[in-house]
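Q: Sending over a structure as structure tokens; questions will come in a sec.
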Amino acid sequence: MSAGGGSRYQSLEDALRAHRVPLENHRFIAELMAGLDLEGYSETSSYIKAVRADGGPALQIASGYTNGFRSEDEIVSRVGDVERWPSGRGSGLWGVSHPVHSLRSTGDAAGGRQREAALCPVCGSVMPLSGVCDMCA
């Protein structure tokens with residue numbers, strides 16, 4: 001057991017699989033975590049806890065969202081202009097919706113939403129959710 005919750009996962013990918021996070025969200029979440037100084041990922045009953053090495057707020061990675069970012073910029077700098085919202089967890093914290101989620105919004109009576117993939121205007125490849133073409137970058 002770790003101090004931050006349940007058992008520690010060997011990798012983010014192991015944690016995402018164990019929590020049955022939709023495959024469509026794996027790359028997006030990996031991009032969110034890229035460059036963050038994290039000690040690791042711990043198991044909880046309802047989300048994956050990503051513990052920051054500097055003692056800052058832990059990130060809560062759920063199936064359809066990640067919560068606990070220090071600012072909007074911490075999100076936008078990693079994945080671009082995506083659906084994000086002020087967190088109810090603490091003052092100044094932010095959350096982001098994953099591409100596949102069941103969060104309710106006023107314009108979507110069914111509840112589930114997916115971001116549509118865009119095509120690169122240069123080569124025509126399907127672009128990742130970051131908006132930067134892997135083929136042209």
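No value in this document is a laboratory result; all are computed from the given coordinates. Predicted model, so just to flag it, every value in this text is computed and none were measured. Neighbour counts run over all protein chains shown; Cβ positions are idealised from the backbone, glycine included.
Q: Could you tell me how many of the residues in region 47-68 are of a type in the set (Lys, Arg) and in contact (Cβ under 8 Å) with a residue 24 or more places away in the chain? Before the answer, list the steps.
A: The initial filter retains those residues of region 47-68 that are of a type in the set (Lys, Arg), namely 49, 52.
If we keep only those that are in contact (Cβ under 8 Å) with a residue 24 or more places away in the chain too, we end up with 49.
Final tally of qualifying residues: 1.
Q: Taking the stated definitions as given, is SER7 within 27 Å of ASP134 (Cα to Cα) and among the polar types (S, T, N, Q)? Even if it seems obvious, please write down each step before you answer.
A: Numbers: within 27 Å of ASP134 (Cα to Cα): no; among the polar types (S, T, N, Q): yes.
No, not satisfied.
Q: Does SER45 meet the test of being in a loop (DSSP other than H, G, I, E, B), under 14 Å from the mean Cα position of the chain (by Cα) and among the hydroxyl-bearing types (Ser, Thr, Tyr)? Even if it seems obvious, please write down each step before you answer.
A: On the way: in a loop (DSSP other than H, G, I, E, B): yes; under 14 Å from the mean Cα position of the chain (by Cα): no; among the hydroxyl-bearing types (Ser, Thr, Tyr): yes.
For SER45, the condition - in a loop (DSSP other than H, G, I, E, B), under 14 Å from the mean Cα position of the chain (by Cα) and among the hydroxyl-bearing types (Ser, Thr, Tyr) - is not met.
Q: Would you confirm whether any residue within region 60-72 is assigned to a helix (DSSP H, G or I) and either under 12 Å from the mean Cα position of the chain (by Cα) or surrounded by 13 or more Cβ atoms within 10 Å (Cβ to Cβ) (or both)? Give the steps one after another, and end with the answer.
A: So in region 60-72, the residues assigned to a helix (DSSP H, G or I) come out as 72.
Adding the requirement that they be either under 12 Å from the mean Cα position of the chain (by Cα) or surrounded by 13 or more Cβ atoms within 10 Å (Cβ to Cβ) (or both) leaves 72.
Scanning region 60-72, I find at least one residue that is assigned to a helix (DSSP H, G or I) and either under 12 Å from the mean Cα position of the chain (by Cα) or surrounded by 13 or more Cβ atoms within 10 Å (Cβ to Cβ) (or both), so the answer is yes.
Q: List the residue pairs whose Cβ atoms are under 7 Å apart, where the first residue sits in region 69-84 and is more than 11 Å from LEU129 (Cβ to Cβ), the second is charged (D, E, K, R) and in a helix (DSSP H, G or I), and the two are 6 or more positions apart or on different chains.
A: ARG84/GLU72
Q: Which of the residues belonging to region 73-104 are under 12 Å from ILE29 (Cα atoms) and either over 11 Å from the mean Cα position of the chain (by Cα) or not in a strand (DSSP E or B) (or both)?
A: Correct list: ILE75, ARG78, VAL79, HIS98, PRO99, VAL100.
Q: For region 62-84, which positions are under 17 Å from VAL100 (Cβ atoms) and out of contact with any Leu (no Cβ under 8 Å at 6 or more places or on another chain)?
A: Across region 62-84, the qualifying residues are ALA62, SER63, GLU83, ARG84.
Q: Please specify each residue of region 35-51 satisfying the condition of being farther than 19 Å from PRO86 by Cβ, touching a strand residue (DSSP E or B) at 6+ places or on another chain (Cβ under 6 Å) and not acidic (Asp, Glu).
A: Those that are farther than 19 Å from PRO86 by Cβ, touching a strand residue (DSSP E or B) at 6+ places or on another chain (Cβ under 6 Å) and not acidic (Asp, Glu): LEU38, GLY40, TYR41, SER42, THR44, ILE48, LYS49, ALA50, VAL51.
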